Amino acid sequence: MARTFISTLGFTESLVLAPIIRLGLNRDDRVIILVPGGLGGEDRTENTLRKLRDMLNAISGGAFDMQTVSIPVDDFAEAVRMIRRIIIEEAERENRMVYVNVSGGMRALVIEAYTATLIARIMRRNVAFTELELEGSAGSIKMIPITFPKRFAETKRRILKELAEKGAPMGMRELSKRTGLSLPTLSRNLREMVQDNLIKLKKEGRRILAEITKEGKILT
């Protein structure tokens, strides 16, 4: 599957390069760099972009497509809309996997890109964050994005609350009793929650157990 790497850019190329090196750069992959527009610092940005392109050329042998997009960071709504549109368009292009890296760059741009990615993840399942790179080559941490599923409602909040309080996988009958939901209603909601990565279902003998995920815990 072809991929697109979308990254915010600061004044160092290393935070952009790290996840690309980790995941690999293939011939059909694209790289889109988001930079703050109209706020000065263009010379430093161009210098960083030049270094980044040189490094990517060395990694891929020149077989990659890199694009730079200037984002109006002083207009939050427009910036989020613009970045979300870029992410969705890339996700719809040949059903690409889109990885978004918000490790570096101006804080406003990072927050705008993060918000846009959360919204894009509601619309497309082939959108994900890369790991968050720590400054000074201190490593990286896995990001757990907050999701806002389309079908999320009070019923699902109740299910998540009971699973979180239990702190362990729970069988269908126990969960039905604790939530006050009939088994058919519970089963329908759980299937949707699995699709939204809020819970996991696993089989233990003849029993089906539900377990809350890290993403699900964030929403409780």
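The values are calculated or read from the model by the stated rules, or taken from the named source; none is laboratory data. Nothing here was measured: the structure is a model prediction, and the numbers come from that model. Positions of Cβ are backbone-derived with ideal geometry, glycine not excepted, and every protein chain shown enters the neighbour counts.
Residue check: is Leu190 aliphatic (A, V, I, L, M) and either over 19 Å from Lys214 (Cα atoms) or in contact (Cβ under 8 Å) with a residue 40 or more places away in the chain (or both)?
For Leu190, the condition - aliphatic (A, V, I, L, M) and either over 19 Å from Lys214 (Cα atoms) or in contact (Cβ under 8 Å) with a residue 40 or more places away in the chain (or both) - is not met.
If the condition is being within 27 Å of Asn126 (Cα to Cα) and surrounded by fewer than 17 Cβ atoms within 10 Å (Cβ to Cβ), then region 165-191 contributes Ser187, Arg188, Arg191.
Cβ-Cβ distances below 7 Å connect the following pairs, each with a first residue in region 154-171 that is without any contact (Cβ under 8 Å) to a residue 40 or more places away in the chain, a second residue that is surrounded by fewer than 16 Cβ atoms within 10 Å (Cβ to Cβ), and a separation of six or more residues or different chains: Gly171/Arg207. Here is the figure for region 188-220: residues that are touching a strand residue (DSSP E or B) at 6+ places or on another chain (Cβ under 9 Å), under 11 Å from Ile159 (Cα atoms) and not aliphatic (A, V, I, L, M) total 3.
Residue-level check: of (1) surrounded by 14 or more Cβ atoms within 10 Å (Cβ to Cβ); (2) farther than 25 Å from Asn126 by Cβ; (3) out of contact with any helix residue (DSSP H, G or I) (no Cβ under 7 Å at 6 or more places or on another chain), Asp43 misses just (1). Contact map, region 49-66: first residue assigned by TED's automatic domain parsing to the domain that holds Arg30 and under 10 Å from Leu25 (Cβ atoms), second residue at pLDDT 85 or above and surrounded by fewer than 17 Cβ atoms within 10 Å (Cβ to Cβ), Cβ cut-off under 7 Å, separation 6 or more or different chains; pairs are Leu56/Met66; Ile59/Ile21.
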